[in-house]
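This report concerns only the one structure given below.
The values are calculated or read from the model by the stated rules, or taken from the named source; none is laboratory data. Please read these numbers as outputs of a predicted model, since none were measured by experiment. As a convention, Cβ positions derive from the backbone with ideal geometry for all residues, glycine included, and neighbour counts pool all protein chains shown. For accessibility, only protein heavy atoms count, side chains too; no ligands or nucleic acids. Shrake-Rupley method; radii C 1.70, N 1.55, O 1.52, S 1.80 Å.
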Amino acid sequence: MGTVHARSLEPLPPSGTDFGGLGEEAQFVEVEPEAKQEVLENKDVVVQHVHFDGLGRTKDDIIMYEIGDVFKAKNLIEVMRKSHEAREKLLRLGIFKQVDVLIDTCQGDDALPNGLDVTFEVTELRRLTGSYNTMVGNNEGSMVLGLKLPNLLGRAEKVTFQFSYGTKETSYGLSFFRPQPGHFERSFSANVYKVTGQFPWSSLRETDRGVSAEYSFPIWKTSHTVKWEGVWRELGCLARTASFAVRQESGHSLKSSLSHAMVIDSRNSSILPKRGALLKVNQELAGYTGGDVNFIKEDFELQLNKQLLFDSVFSASLWGGMLVPIGDKPSSIADRFYLGGPTSVRGFSMHSVGPQSEGDYLGGEAYWAGGLHLYTPLPFRPGQGGFGELFRTHFFLNAGNLCNLSYGEGPNAHIRKLAECVRWSYGAGIVLRLGNIARLELNYCVPMGVQTGDRICDGVQFGAGIRFL
C-alpha cells in the first residue's frame, strides 16, 4: 500500500483555525495507483500507533497528554492537522530542539486496511543551555546572561539562573517553572531574586531581596496570575543632594503581598498592533500575610486599535490606578505611581510629573493617563514591502494627572482633584518596530498644562520600550 510522508505539516490548507505562517512544503509520495490513494484521501482512516524516536529523559505521561488528539482523527487530512497541532504543542513545552512528523500506513499482522502509524522524530534540548542577549525596557537597556536546565525531571520543568546588568537596574535570580501536564497554560513558578535599581528622578536607590510564588491559569478568554511575594526592601539616597522627604523614606522595610492579574489580549501584535484590544487589571494587597507595609493597590490598562484606510491605524489608550494605605502609616515612595516620560505622557521628563520635594519626585497615590494616536505609513512609502515597513509616522495627543487623595472626602472630591491641573501634550514623530521585541519613538512634543515643579521636554524626545501609552 502507498505511503504518505509528512515531515512538515505546516503547509496544509487550514479549514477553521488559522495555524499561522507556513514552513517547509509537505511531500506526498505516491507509490501505487490512484485506487490506493482514494483509500487514504476519501475514506475513513484509523491511527493505530504513535511512535516517538529520540526520547531520552522525557517521561511518557507528559507526551501522551500532548498527542492524545491524534488518535481521534477520522481521515487523512484530519490526521495531518492533528499531528501538526501535536507538533506545535510539543515545541511549546520548551524541551525539544526539533520535532519532525512521519505519517505512514500501518504494517504488521495487526494492520488494518485503513490503519496509519504516526511517528514523531524529536531532538531533546541539552541538559544545560546558556544564553546571552540584550533587553530593552521602558527607556532603559540591559545585558542579560542566563543558564537554563530544561526538562529537569522529565516533565517540562525548568530551572533558570539569570543575571541582568542595565543602565538603571542590576539583578540576579533563580527560578523554577513547572507546567501542568496536558494544560501548558496552567503553570506554577517560584523565584528567589535580588534587584538593585536607581531612580534619578527621585534621588533614590532601592535594593530588593525577595521570594515569590505564582500560579497562572486561563479562564475562557482571560489569563490570570495569582502571586505571593515577600520582599526585604532597602531604600537609600542616590545623591547627597537628596531632599529631606526622600531621606525620611530611607531604611529597611518588609513587604508581604498577595496579588492578582487578569489579562485579555486580542491584539495582533504587542509592540505595534494594527487591530484588537488589550485589558489588564491588577490588584495587590500588602500586609495581610505579614510585614510592615500595608496597602491596597489597584491599576488597569486599556488599549483599543482599529485599522483605517491606506494602512493607517487609530489607537486609544487609558491607564489608571489608586493606592490606599491601611492604618496610620503613610504609603512608601517605592509603592506609589509615577507619570511622565516618552512612554507615558510625552513631552514631560521621565517620571517627572506630580508631587515633588526640592526637585525629587515622590510619586502619587492616584493617577490616570490617556492617549489618542494615529499611525500611518511613511510619506511616499520608501522601502515598501521591505525595511520601510518597520517605520510608521506617529501623531499623538496625551493627557494625564498624578496626585495624592484625602480618602475621607469621598469619590466626588477624588474625581475633581484628578480632573484638576491636567497635563497634556501633542506632537508627531516616527516609530520604528524592532521585531516583536521593542519599539523606538522619536517625537517632536509640545507639552501643555505644565504645573509648577513639572520637568518638561519641549521639542525632540526619544523613547524606547515595550509598553507605551
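Report, by chain and number, residues whose modeled amide H sits under 5 Å from the one on K74, excluding near sequence neighbours (fewer than 5 apart, same chain).
Amide H neighbours of K74, under 5 Å, 5+ apart: V79.
Too long at a 28 Å Cα-Cα cut-off: which of K89/K280; K72/K158; K194/K329; K97/K168; K82/K227; K329/K417?
Listed pairs above 28 Å: K72/K158; K97/K168; K82/K227.
Would you work out which of S344, I326, Q303 lies farthest towards the positive end of the dipole of the range 292-375, given +1 charges on the beta-carbon of Lys and Arg and -1 on that of Asp and Glu, about the Cα centre?
Q303
Treating only the Cβ of Lys, Arg, Asp and Glu as charged (+1, +1, -1, -1), what charge dipole size does the range 75-191 show about its Cα centre? Round to the nearest 20 debye.
So the dipole magnitude of the range 75-191 works out to roughly 640 debye.
Using a 1.4 angstrom probe, figure out how much accessible area the chain has per residue, in square angstrom, rounded to the nearest whole.
51
Pull up all non-local amide H partners of V353: gap of 5 or more, or a different chain, and H-to-H distance under 5 Å with H placed in the peptide plane.
Those qualifying (amide H under 5 Å, at least 5 residues apart or on another chain) are L339.
Between rounded, prolate and oblate, where does the range 292-365 land on the alpha carbon gyration tensor, with a ≥ b ≥ c its root eigenvalues, rounded for a/c under 1.5, else prolate if a/b exceeds b/c?
oblate
Of G108, G154, V192, which is farthest towards the positive pole of the range 103-230's charge dipole, taken about the Cα centre with +1 and -1 on the beta-carbons of Lys, Arg and Asp, Glu respectively?
Going by the Cα projections, it comes out as V192.
Distance between the C-alpha centers of the range 407-469 and the range 286-340? Whole Å please.
15
Please turn the phi angles of the range 94-105 into ³J(HN,Hα) values with the Karplus equation 6.51 cos²θ - 1.76 cosθ + 1.60 (θ = phi - 60°), one per residue in order, whole Hz, x for glycine and proline.
x, 10, 10, 7, 8, 9, 10, 10, 10, 10, 9, 6
Decide, for the chain, between rounded, prolate and oblate: order the square roots of the alpha carbon gyration tensor eigenvalues as a ≥ b ≥ c, take rounded if a/c falls under 1.5, and otherwise choose prolate if a/b is larger than b/c, else oblate.
Prolate, since a/c reaches 1.5 and a/b exceeds b/c.
Measuring from centroid to centroid over Cα atoms, what is the spacing of the range 50-108 and the range 164-209 in Å?
If we compute the Cα centre of each part, the gap is 35 Å.
To the nearest 20 Debye, how big is the dipole of the chain about its Cα centre, given +1 on the beta carbon of each Lys and Arg and -1 on that of each Asp and Glu?
Approximately 1540 debye in magnitude.
Among 228-234, 358-364, 339-345, what's the highest-first ranking by average C-beta atoms within 10 angstrom per residue?
Going from most to least packed, we get 339-345, 358-364, 228-234.
How much of the accessible area of the range 224-344, in percent, comes from carbon and sulfur atoms when a 1.4 Å probe is used?
The computed percentage sits at 61.
Which of the three applies to the range 224-350, rounded, prolate or oblate, going by the alpha-carbon gyration tensor with a ≥ b ≥ c and a/c under 1.5 meaning rounded?
oblate
Tell me, what is the percent relative contact order of the range 333-392, built from C-alpha pairs under 8 Å that lie six or more residues apart?
24
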